[in-house]
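Just below is one structure, and these are the notes that go with it.
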Amino acid sequence: MVQTLTVLGLESSCDDTAAAVVRHGENGAEVLSSIVQGQNELHSAFGGVVPEIAARAHAEKLDTCVMQALEEAGLALSDMDAIAVTAGPGLIGGVMSGVMCAKGISAATGLPLIGVNHLAGHALTPRLTDGIAFPYLMLLVSGGHCQYLIAHGPDHFTRLGGTIDDAPGEAFDKTARLLGLPQPGGPSVEAEARAGDPTRFRFPRPLLDRPGCDLSFSGLKTALMRMRDQVVAEKGGLTRQDRADLCAGFQQAVVDTLAEKTRRAMDLYLNENPAEPVIAVAGGVAANSAIRSALETACDEKGGRFTAPPLALCTDNAAMIAYAGIERFRTGARDGLDLTARPRWPLDHTSPAMLGSGKKGAKA
């Protein structure tokens, strides 16, 4: 008989302050509440996330988010079995804000404290939403990280490949800045690309000429900048159609690269002979409809099942942290008040560190 557990989760690794309550029992997992307070307005003038501003905002908003999450769930702290918190990787000031808040609640209430790897939160989300069984292939793709992982258990992951420089979301953000589009860049570039011609500008497909599942997106940003400058030199500026075509070409290059690398990762994963092959995708860039469609097609070609969380659970949220905490709690994991915030925390402890970091490299 599965013990029913109710856990409060906190997330503050980048620029979203979040709290959530998740319950898990014999009938699976249920998100009882999920509160996310973004910081787009605070960072919009700077063209990206400013760590110091983000950390202060987390410190100001975390207690409010906790109260709202408990109120929405109709529960009190006394109804919780544990508190889970992102302990890394991420922008260290933000991670510290969440860890200190969780420690305070744990010390005051006696609730067990569970430190959660932010990436594990994303990687375990398909189990929260779809209840899929281990092992499954996971593509984490967002502004700060991009990795192919085989998930064997709550704390057991094998990395097949990842980005050696910029993550896709970071490349989208930089593209948006180069073209004068608002942040966050991913949705802005995707919206512009819908009206564009993806064949007008030919972008490189990085690392497809090399074996393996590693990725690189830094060169795409440079290629886009050069193409933009060439058009401006020829015309004296960019038209709306020029910008749409640049976005469409850039996005298609990302789509093609991820689709091919996913096929390669699927081949490696299928060597494990999983009973029911599944590829799951999570992270903010997983909200891009063109990328989702291409990954689903690649998965179908390999005879696997494709799954992706609802869009609200693709981006940073605390429900995934609460659920990952439940998974760790069931294995007997507990942390003390000496839990430390970690700017870097790889999921696969046996593989060598990936080269490069990028703007949000602490999460990569």
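The values are calculated or read from the model by the stated rules, or taken from the named source; none is laboratory data. Everything numeric here is computed off the predicted structure, so don't read it as measured data. Because the Cβ atoms are built from the backbone with ideal geometry, glycine has one as well, and the counts that use them run over all protein chains shown. To get the accessible areas, we keep the full protein, side chains included, count just its heavy atoms, and leave off ligands, DNA and RNA. Shrake-Rupley method; radii C 1.70, N 1.55, O 1.52, S 1.80 Å.
Miscellaneous remarks
- Close amide H pairs (under 5 Å, H built 1.01 Å from N) link SER33 with VAL21, residues at least 5 positions away or on another chain.
- Calculated from backbone phi, Karplus (6.51, -1.76, 1.60) coupling profile of the range 283-295 in Hz, x at Gly/Pro: x, x, 5, 5, 6, 6, 5, 5, 5, 4, 4, 5, 5
- GNM top mover of LEU215, LEU181, LEU295 - the chain, alpha-carbon springs below 10 Å: LEU181
- Cα gyration tensor category, rounded, prolate or oblate, for the range 196-240 with a/c compared to 1.5: prolate
- Gain on full stretching of the segment that runs from GLN230 to PHE134 - 0.36 nm per residue minus C-alpha separation: 29.6 nm
- Inter-site label distance for MET1 and ALA107 at 7 Å from Cα along Cβ, in nm: 3.8 nm
- On a per residue basis, the convex hull of the C-alpha atoms belonging to the range 193-295 measures out at 106 Å³.
- In terms of its C-alpha gyration tensor, the range 237-326 comes out oblate, because a/c is 1.5 or above while a/b does not outweigh b/c.
- Nonlocal amide H pairs with GLY162, under 5 Å, H built at 1.01 Å: TYR148, ASP214, LEU215
- Couplings 3J(HN,Hα) of the range 149-156, computed from phi: 10, 9, 8, 9, x, x, 10, 10 Hz, in residue order, whole Hz [Karplus 6.51 cos²θ - 1.76 cosθ + 1.60, θ = phi - 60°; x for Gly and Pro].
- Segment ARG200-GLU276, extension gain: residue separation times 0.36 nm, minus the distance between their alpha carbons: 23.3 nm
- Applying the Karplus relation 6.51 cos²θ - 1.76 cosθ + 1.60 with θ = phi - 60° to the range 164-173 yields 3J(HN,Hα) values of 9, 8, 5, 7, x, x, 5, 5, 5, 4 Hz, where x marks Gly and Pro.
- If you take the Cα centroid of the range 183-240 and the Cα centroid of the range 13-62, the two points sit 30 Å apart.
- Relative contact order (percent, whole number), the chain, Cα cutoff 8 Å, 6+ residue spacing: 25 percent
- Distant-in-sequence amide contacts of ARG305, defined by a placed amide H-H separation under 5 Å and a gap of 5 or more residues or a different chain, comprise VAL278, ILE279.
- Shape class of the range 53-101 from the Cα gyration tensor (axes a ≥ b ≥ c, square roots of the eigenvalues): oblate, since a/c reaches 1.5 or more and a/b does not exceed b/c.
- Per residue, the chain exposes 40 Å² of solvent-accessible protein surface, assessed with a 1.4 angstrom probe and all protein chains in place.
- Helix 118-130 and the longest principal axis of the C-alpha atoms of the chain enclose an angle of approximately 80°.
- Read-out Cα extents along the principal axes in Å, derived from the coordinates shown; its label in (1) 67, 49, 34; (2) 60, 56, 46; (3) 57, 44, 42: (1)
- Note on the chain: with neighbouring protein chains present and a 1.4 Å probe, carbon and sulfur make up 51 percent of its accessible heavy-atom surface.
- Fluctuation leader among PRO352, PRO274, PRO126 - the chain, Gaussian network, Cα springs under 10 angstrom: PRO352
- The length gained by stretching the chain between GLU30 and MET67 to full extension, at 0.36 nm per residue less their Cα-Cα distance, is 11.4 nm.
- Ordering of 7-14, 148-155 by burial proxy (mean other Cβ atoms within 10 Å per residue, highest first): 7-14, 148-155
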